[in-house]
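**Q** Take a look at this one; I'll ask things after.
The values are calculated or read from the model by the stated rules, or taken from the named source; none is laboratory data. The structure displayed is predicted, hence computed values, not measured ones. Note that we place each Cβ from the backbone using ideal geometry, even for glycine, and neighbour counts take in every protein chain shown.
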Amino acid sequence: MAWIALILAGICEMAGVMMINQFHRNRSFLWLVYLIIGFGASFLFLSYSMKSLPMGTAYAIWTGIGASGGAVLGMVFYGESKDWKRLIFIAMILCAAIGLKLTE
């Protein structure tokens, strides 16, 4: 269950990052509320997962999901660069997170 919570934390982190971009584009109170909910849920799921997962592993995987997911969302929804070098580095982040799990 801790791993599911950690993946949900990463997804909520991605949503929070997306809401930062939306709030920056349109200074609506609603986007601010979504931003707070996204990051709040992210921290809630992360803290739950850390009850049974090592802190270093949980934090690294959470940030890896958030960073790589945010970059991919930027490419898909906001027209950010899809350069092959960028995709390689995103893959490296994901490989590092998987490696942490495998060496746990």
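**Q** Can you tell me which condition Ile37 does not meet? The list is (1) farther than 27 Å from Met1 by Cβ; (2) more than 12 Å from the chain's Cα centre (by Cα), and all the others hold.
**A** (1)
**Q** I've got another one for you. State all residues of the stretch 22-79 that are farther than 18 Å from Met92 by Cβ and small (Gly, Ala, Ser); if no residue qualifies, say none.
**A** Result: Ser28, Gly38, Gly40, Ala41, Ser42, Ser47, Ser49, Ser52, Gly56, Ala58, Gly79.
**Q** Take Ile11 and decide whether it is surrounded by fewer than 18 Cβ atoms within 10 Å (Cβ to Cβ), touching a Gly at 6+ places or on another chain (Cβ under 8 Å), closer than 25 Å to Leu53 by Cβ and at pLDDT 95 or above.
**A** Here the answer is yes, as Ile11 does meet what is asked.
**Q** Would you please name the residue that is surrounded by the fewest Cβ atoms within 10 Å (Cβ to Cβ), looking only at residues in the stretch 52-88 that are touching an Asp or Glu at 6+ places or on another chain (Cβ under 9 Å) and outside any helix (DSSP H, G or I)?
**A** Step by step, filter the stretch 52-88, then rank; the result is Pro54.
**Q** Between Phe45, Phe23, which is assigned to a helix (DSSP H, G or I), in contact with a Leu (Cβ under 6 Å, 6 or more places away or on another chain) and without any contact (Cβ under 8 Å) to a residue 24 or more places away in the chain?
**A** Within the list Phe45, Phe23, the selection yields Phe23.
**Q** When you look at Trp31, is it assigned to a helix (DSSP H, G or I), exposed (fewer than 15 other Cβ atoms within 10 Å of the Cβ) and touching a Lys or Arg at 6+ places or on another chain (Cβ under 9 Å), yes or no?
**A** Taking the combined requirement at face value, the residue does not satisfy it.
**Q** Follow-up. Quick one: Leu53 ticks every box in (1) within 16 Å of the chain's Cα centre (by Cα); (2) farther than 29 Å from Arg25 by Cβ except a single one, so which number is it?
**A** Condition (1) is where Leu53 drops out.
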